[in-house]
Amino acid sequence: MIALTTVVLTSHQLSPDEYGTFVLGLTVVGIVTAMTGGITAATAYQISNQRRAPGDALGSSGAFGGVIGVLAVVAGVAGTALLSGEASSVSLAVGASAAAVIINSVLAGVFLGRDSMLKYNLALVLPPLFALGVIALSFVAMDHRSPEAAMGAYAAGQWGAFIVLAVLVRSETAGALAVNASLVRTAIRFAVLAGISSGISYLNYRADLFVVRHFEGTDGVATYSLAVYLAESVWQVSGSLALATYPRVGALPRHEAAELTTRVMRHTVVLLSFICLALFAVSGIVASILFDKYDGMAGALRFLLPGVLLYGLAQSYSGFYTYQRGQPWVAAIVAGTGLAIDIALAFVLVPRMGVNGAALASSIAYGTAILAALAVFLKIEGIGPGRIFRFGRADIDDYRVPIGRLRAAAGR
C-alpha cells in the first residue's frame with residue numbers, strides 16, 4: 001500500500017516524461033537495493049546458521065556496508081559533474097539513497113538472523129514509508145514537483161528510517177560491536193554471491209526498461225514501469241510466505257528444509273493464482289481510474305501476469321539455497337538465465353509490440369527460468385513434482401487453523 005501510494009502520487013504529480021526520469025533513478029537505487037540484499041542475507045546467515053554473535057555480524061557486515069555506502073555517495077557526486085541534463089540533477093540523490101539502502105540492509109540482516117520478524121518488517125516498511133512522507137511534503141506543502149525534488153525527498157526518507165532502525169538494533173546486539181577480519185571476508189564473499197543473485201534477479205524484470213527507453217522514450221518507461229510495479233506487487237504475498245520460513249529453513253536439516261520449501265511453494269501457487277486472475281480481470285478498470293495518463297499500461301500488465309505467477313516460486317527457491325545450503329550463486333544462475341532470455345526477446349519484441357513486447361519478453365523469461373530451476377531442485381532433493389503443484393488435505397488444514405481462530409475472535 002505504501003509503494004502503491006508513492007507510485008500514484010508521483011505519477012500524477014509529474015508529467016509522464018518526468019515520471020519516467022524519476023523511475024530510471026529509482027531503478028538505479030533498486031539495483032543497489034537488490035544487490036545489497038546480499039548483505040542482509042550474509043548477516044542473517046552468520047547469525048542464524050553459523051551462530052555468530054549479533055554484535056560481531058553487525059560490526060563486520062557494517063564495516064563492509066559502510067565502505068560501499070561511501071562509494072555510492074562518491075559515485076553520486078561524480079555523476080553530478082560528469083552527466084548532463086536531468087541525469088546530473090538526480091545523481092547525488094540517487095547516490096545518497098543507495099548509501100542509506102546499503103546501511104539499512106545490514107540492520108535488516110540482524111533482525112532477520114535473530115528471527116525478530118516484527119523489527120525486520122519495520123526495516124522493510126519504514127524506509128519507503130518515510131520516503132513517501134517526505135515526497136508528499138515536498139510536492140504538496142513545498143510545491144516542489146520535479147524528478148530531482150522527488151529523488152531528494154526519497155533519499156531524506158531513507159536516512160530518516162535509518163535513525164529509527166539504528167535505535168531498534170541496539171536491543172538485538174548484546175555487548176559491543178566487533179569487526180572480525182575473518183568474518184568480514186566471509187561476509188564479503190557471501191554478500192557478493194548473494195548480491196549478484198539478487199541484482200541479476202532485479203535486472204531480470206527491470207533491464208528491459210532500458211530497452212523500452214531506447215525504442216519508446218521516457219513516456220514508454222513510465223507506462224511500462226507502472227505495469228511492472230502492479231505485477232510485482234503480487235510478490236508481496238509470496239515474499240511474505242517465504243520470509244516467514246527463512247530462519248527455520250536455515251536451521252532445519254536439509255531434507256526437512258526442502259519439504260518446508262515445497263510446502264510454501266504449494267501455498268504460493270494457490271494464492272498467486274487467485275490474485276493474478278483477479279488482477280487480470282480488473283486491470284483495465286485500475287488503469288482507467290489510477291493511471292489514465294498512461295495508455296497501454298493495462299495490456300502490458302496482462303502480458304506480465306502469467307510469468308509473475310510462476311516466478312513467485314523463486315523467493316522460496318532462493319531462500320532454500322541461500323539460508324539452508326549457503327549457495328546463493330544457485331539463484332544467480334537462475335536469475336541470469338532469465339535475464340539473458342529477457343533481454344534477447346526484448347530487442348526482438350519491443351520494436352514490434354512496444355511496451356507489450358517488453359512485458360511478453362519478461363513473462364517468457366520468468367516462466368522458463370523458474371521451471372528449469374524447479375526441475376533441477378526436485379531431482380537433486382529427490383522430491384516429486386506433486387510436492388509443489390498438488391494441493392492436499394494437510395495444506396487445507398493450514399488454512400483451517402487461522403480461519404478457526406478468526407471465527408473464534410469474531411464470536412467473542
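Points worth noting:
- Order by protection proxy (mean Cβ within 10 Å, highest first), peptides 75-83, 123-131: 123-131, 75-83
- Once the chain from residue 289 to residue 248 is taken as fully extended at 0.36 nm per residue, the excess over their C-alpha distance is 10.6 nm.
- Applying 1/(1 + (r/R0)^6) with r as the Cβ-Cβ distance of residue 70 and residue 255 and R0 = 45 angstrom yields a FRET efficiency of 0.55.
- For percent of Cα pairs over 35 Å apart, computed directly from the structure shown, the correct entry in (1) 35; (2) 50; (3) 27 is (3).
- Here the sum of -39500 (n - 2.57) over DSSP H runs of 4 or more residues, divided by the residues of the chain, equals -29000 deg cm²/dmol at 222 nm, to the nearest 500.
- Compared with the direct C-alpha span, the chain from residue 145 to residue 3 gains 49.3 nm at full extension, assuming 0.36 nm per residue.
- With the cut-off at under 11 Å, measuring from each backbone N in the stretch 323-353 to a point 7 Å along the Cα-to-Cβ line of residue 372 picks out 333-342.
- Peptide packing for 62-74, 86-98 was compared via the average number of neighbouring C-beta atoms within 10 Å per residue; ordered from the highest value, the list is 86-98, 62-74.
- Of 145, 185, the sequence from fewest to most neighbouring Cβ atoms within 10 angstrom is 185, 145.
- Along the stretch 44-59 the Karplus relation, 6.51 cos²θ - 1.76 cosθ + 1.60 evaluated at θ = phi - 60°, assigns HN-Hα couplings of 5, 5, 5, 7, 7, 9, 9, 6, 6, 5, x, x, 5, 5, 5, x Hz to successive residues, with x for each Gly and Pro.
- Note on residue 381 and residue 15: their simple-model spin labels are 5.1 nm apart, each label 7 Å out from Cα toward Cβ.
- Sorted by Cβ density within 10 Å, fewest first, the residues 248, 254, 170: 170, 254, 248
- Net dipole in debye of the stretch 205-412 [+1 Lys, Arg Cβ; -1 Asp, Glu Cβ; about Cα centre; nearest 20]: 740
- Sorted ascending by nearby beta carbons within 10 Å, beginning with the fewest, 120, 323 become 120, 323.
Taken together, the values in this text are just the output of simple stated rules run on the coordinates, not laboratory data. Bear in mind the structure is a predicted one, so any value in this text is a computation, not a measurement. Positions of Cβ are generated from backbone atoms using ideal geometry, with glycine treated the same way; all protein chains shown enter the neighbour counts.
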